[in-house]
Structures are given as C-alpha cells and as structure tokens.
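Step one of this worksheet: look at the structure below.
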Amino acid sequence: MSLPTKYIGLNHIDLETVGQIADMKCKIELSDDASFVSKIAKGPKLVKKLLAEGRVIYGVTTGLGENCGTAVEPELIQKYPNHVIQFHGCALGSLFSPEETRAIIAARLVSLAKGNSGVRLELLQALASLLQHDMLPRIPQEGSVGASGDLSHLSYIGAVICGFRTVDYLGKVMPASEALQIVGVTPVALENKEALGILNGTSAMTGVAILAWQRAQRLSQLATRVTSLAVTALNGNRFHYEKELFEVKNHKGMQLVAERIRSDLSISAPEYHTKERIQDRYSIRCAPNVIGVLEDVLSFTKGVIEAELNSTNDNPVIDVNVGRVYHGGMFYGGHIAMAMDTLKVQVASVADLIDRQMAILVDTNITTVYQQI
C-alpha cells in the first residue's frame, strides 16, 4: 500500500502530520507552489543585499551571544556558518529515538519553510532528504533547550546536511558524508544566515512535545476505557455518567469522557441502584471529572504546540516583504515549556486515578463490600 504524501511549504501543518512523519506513515515533499518558492528565494537575496550595503546582522557579521559586539572579518564571513554549526555540537547523554529525531527534523523544516529565516531552497531540500531516505542524525538529548534556541540539538542536523558527524542509515552507524553519497545528495555549503537558521529555534522541544502530546491523547482514551471496564467489573452505578448530570457543568472534556463511558456501558436509560451504595468511590464516579481535565488540557496545548510548529522560531528574522531584518527573541521556548508542564500535571493526575481504580479491583476488603451490595 502506497503511503500518502504530505507537502510542506507555507501551508499549516498539524500535529497529526508530524506524528505520521515520525512513525513513517507518510512521505513528505516540499511544496512546488509558486508563492512558496518565490518567498524562499527572496530571503537569501535580501541577506546578500543588506551585507553588500554594509549592514550589521547578528550571527552573520557578528559573534554570538555576548560577543554580538564583535565583528566578523569580511574574509571570514563565508567560513563562519560551518564553524557555528560545529561549535555547537557538544550535547551529551542518550540519543533521541528515531521517532523523536524525525519529529525534530520535521519541525525545523516546517519553521524554515515559512520563508522568514533567509535560507535557500537547497537547504530545505537537504533537510527533506533526511526524512525521505530515513537518514537520521545521531542527536544527544542533553544540551541547550528553549532558552536561546535548541542550539546543541539542531547543530547535529545542520552538521549532517553539511557532511559532518554520523547518522543512522540502513541499520548501521556511518559517517554522514558516506550516507549522503549513497543517496546522491550533495553536502550543503552553508551561506550567511543559514547556520543560525538551522540552530536558533525551538524545533527539538517542539518535535518531542508533539510525540508527548500524542501519547497523552492515547492515555486519555485508554484511561476512559479502563474506567468503563472497572465500572463493569465492580457492578458500579451507571447513573454517575448520565448526560443530564454533565450538562450542569460546562467543561467540554469532562462531557466528552462521560459520553465515551456511556457508550462503553451501552447506557440507553438511567439505571438507578436502590441498594445501600448510592455513590461509588471517587476514582470510579469522578473519573470523567479527572480525565476530562486532561482532555481539556489536550485541546488547549494542541493549539499552543501547533502555533509554535507553524511559526518562524528564529533570530534574526528576515522580512522579505518590507526588506528588513528584525533582531529579537523568536527562539524562546516558553510556550512549549508551559504546554508540557501543564500537560504532565494532568497526565500524573490520571495516573493516580488509574492507580486507585486498580487498588479497588485487587483489594479484597473493598471488592467484597462491592459484591455484597
């Protein structure tokens, strides 16, 4: 069965698409839309024009960070980008998984494809070729993240398309230069703004966040199904999940979870118990309330992550529409950090819920009480 093709350009890319790329469930191509190709071409031309006019551009004619006041000698500007890429390759620790690496590459490609980073189409094609041939840079997990761009992590991707460092390809580790030669891809000789274009963004944290979000989404669905099974096993009170009950509190996630449980239990009409136990334990009757918070957080954080994914996260930003360079902080990863911190709290809360449900199911003191009622 042939895989669907996803096109990356000026179009909006959703989390599901990046998840498909990470799981190798689709092929990717760069858009051939004329407006996309034209915008990408204008970026490097504008950078060259401004350099010819003697303009100062951070990371192109200056040093980095606190060295932004130090000028790069004109004769060194051409060599500077490769040095910037290699200089940042100092991450440590375990490697990102293949799925995480694909998601990170995809996230960087989507950002650069917005056409506000001053990189050439050839560089985008080189990034796309990594995904097309599943030639994966070996990226250590420990390094700079989100404060001033995911500098260390993204440098390993930049190094590979330049023919440096190593990749996982054809089931083995090999030099990037060798892998590029096998697939017929010419190493990129970086120009001007392209080193920072690769490095100075939030794509590592965004790629990993997308996969974490998808796992949390599956957890919410699984926790709901487990709750339904627990209610069934314990002969629980089904009226805890009635539609009318959940209409009095206007949280969409909570209502969705209750609807799923009703569907699982095939509730067509209220089934009131007249026995002594009119209320089940919190972990049973309050499950929609608890899991519902996660559902609402999933909805909120999806918007945050997709906004970051489809943004230009870089510095400086090259505005080809008005011919200006903006120096700022569009590399800052605070939104992704906030989304992930919020998400992990609710994942932990659902984990506590399931732990309590399991305790009820296996604790004979509790299950005996349920069976007697």
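If you go through the range 60-72 and pick out every residue that is open to solvent by less than 90 Å² (accessible area, probe 1.4 Å) and either among the charged types (D, E, K, R) or in contact with a Lys or Arg (Cβ under 7 Å, 6 or more places away or on another chain) (or both), you end up with 1.
How about the range 327-350: which of its residues are among the hydroxyl-bearing types (Ser, Thr, Tyr) and in a helix (DSSP H, G or I)? Talk me through it step by step, then tell me what you get.
Restricting attention to the range 327-350, the residues satisfying the condition of being among the hydroxyl-bearing types (Ser, Thr, Tyr) are 332, 342, 349.
Of everything in the range 327-350, those that are among the hydroxyl-bearing types (Ser, Thr, Tyr) and in a helix (DSSP H, G or I) turn out to be Thr342, Ser349.
Within the range 227-326, which helices (runs of 4 or more DSSP H) (wholly inside it) include 2 or more residues that are among the hydroxyl-bearing types (Ser, Thr, Tyr) and closer than 30 Å to Ala209 by Cβ? Break it down into steps so the answer makes sense when it comes.
Details: elements: 243-246, 252-265, 282-285, 287-309.
Fully inside the range 227-326 and qualifying: 287-309.
Restricting attention to the range 50-74, which residues are of a type outside the set (A, V, I, L, M, F, W, C) and free of Cβ contacts under 8 Å to residues at least 40 places away in the same chain? Steps first, please.
Of all residues in the range 50-74, those of a type outside the set (A, V, I, L, M, F, W, C) come to 53-55, 58-59, 61-63, 65-67, 69-70, 73-74.
Scanning the range 50-74 gives Glu53, Gly54, Thr61, Thr62, Gly63, Glu66, Asn67, Gly69, Thr70, Glu73, Pro74.
Mind listing whichever residues of the range 221-235 are surrounded by fewer than 23 Cβ atoms within 10 Å (Cβ to Cβ) and either among the polar types (S, T, N, Q) or touching a residue at least 60 places away in the same chain (Cβ under 8 Å) (or both)? First the steps, then the outcome.
At the first step, the residues of the range 221-235 found to be surrounded by fewer than 23 Cβ atoms within 10 Å (Cβ to Cβ) are 221-223, 225-226, 228-235.
Scanning the range 221-235 gives Gln221, Ala223, Val226, Ser228, Ala230, Thr232, Ala233, Leu234, Asn235.
Condition check for Thr70 on (1) farther than 28 Å from Lys25 by Cα; (2) in contact with a helix residue (DSSP H, G or I) (Cβ under 9 Å, 6 or more places away or on another chain): one failure, at (2).
Screening the range 123-178 for residues that are on the phi > 0 side of the Ramachandran plot and free of Cβ contacts under 8 Å to residues at least 24 places away in the same chain and picking the one that is surrounded by the most Cβ atoms within 10 Å (Cβ to Cβ) gives Leu170.
Could you check the range 21-31 and list, in sequence order, the residues that are open to solvent by 60 Å² or more (accessible area, probe 1.4 Å) and in a strand (DSSP E or B)? If you could, list the steps in order and put the result at the bottom.
Going through the range 21-31, the residues open to solvent by 60 Å² or more (accessible area, probe 1.4 Å) turn out to be 23-25, 27, 29.
Listed by number, the residues that qualify are Lys27, Glu29.
Selection of the range 73-98 for residues being surrounded by 18 or more Cβ atoms within 10 Å (Cβ to Cβ) and more than 19 Å from Val188 (Cα to Cα) yields Ala91, Phe96. Of all the residues in the range 46-59, those that are open to solvent by 50 Å² or more (accessible area, probe 1.4 Å) and part of a loop (DSSP other than H, G, I, E, B) number 4.
The set of residues from the range 1-20 being closer than 12 Å to Arg102 by Cβ and either charged (D, E, K, R) or open to solvent by less than 10 Å² (accessible area, probe 1.4 Å) (or both) comprises Val18, Gly19. Read through the list (1) touching a Leu at 6+ places or on another chain (Cβ under 9 Å); (2) open to solvent by less than 10 Å² (accessible area, probe 1.4 Å), then give the number of the only condition that Gln214 fails. Evaluating Gln214 over (1) touching a Leu at 6+ places or on another chain (Cβ under 9 Å); (2) open to solvent by less than 10 Å² (accessible area, probe 1.4 Å) leaves (2) as the failure.
A Cβ distance below 9 Å, combined with a sequence gap of six or more or placement on separate chains, defines the contacts here; from the range 276-302, residues that are closer than 13 Å to Lys344 by Cα and among the aromatic types (Phe, Trp, Tyr) reach no residue that is at pLDDT below 95 and part of a helix (DSSP H, G or I).
Listed conditions (1) of a type outside the set (Asp, Glu); (2) at negative phi; (3) open to solvent by 10 Å² or more (accessible area, probe 1.4 Å) are all met by Gly184, apart from (2).
The values are calculated or read from the model by the stated rules, or taken from the named source; none is laboratory data. Note that this is a predicted model, so its numbers are computed, not measured. Cβ sites come from the backbone with ideal geometry, for glycine too, and all protein chains shown count toward neighbours. Calculation scope for accessible area: heavy atoms of the full protein, side chains included, ligands and nucleic acids excluded. Shrake-Rupley method; radii C 1.70, N 1.55, O 1.52, S 1.80 Å.
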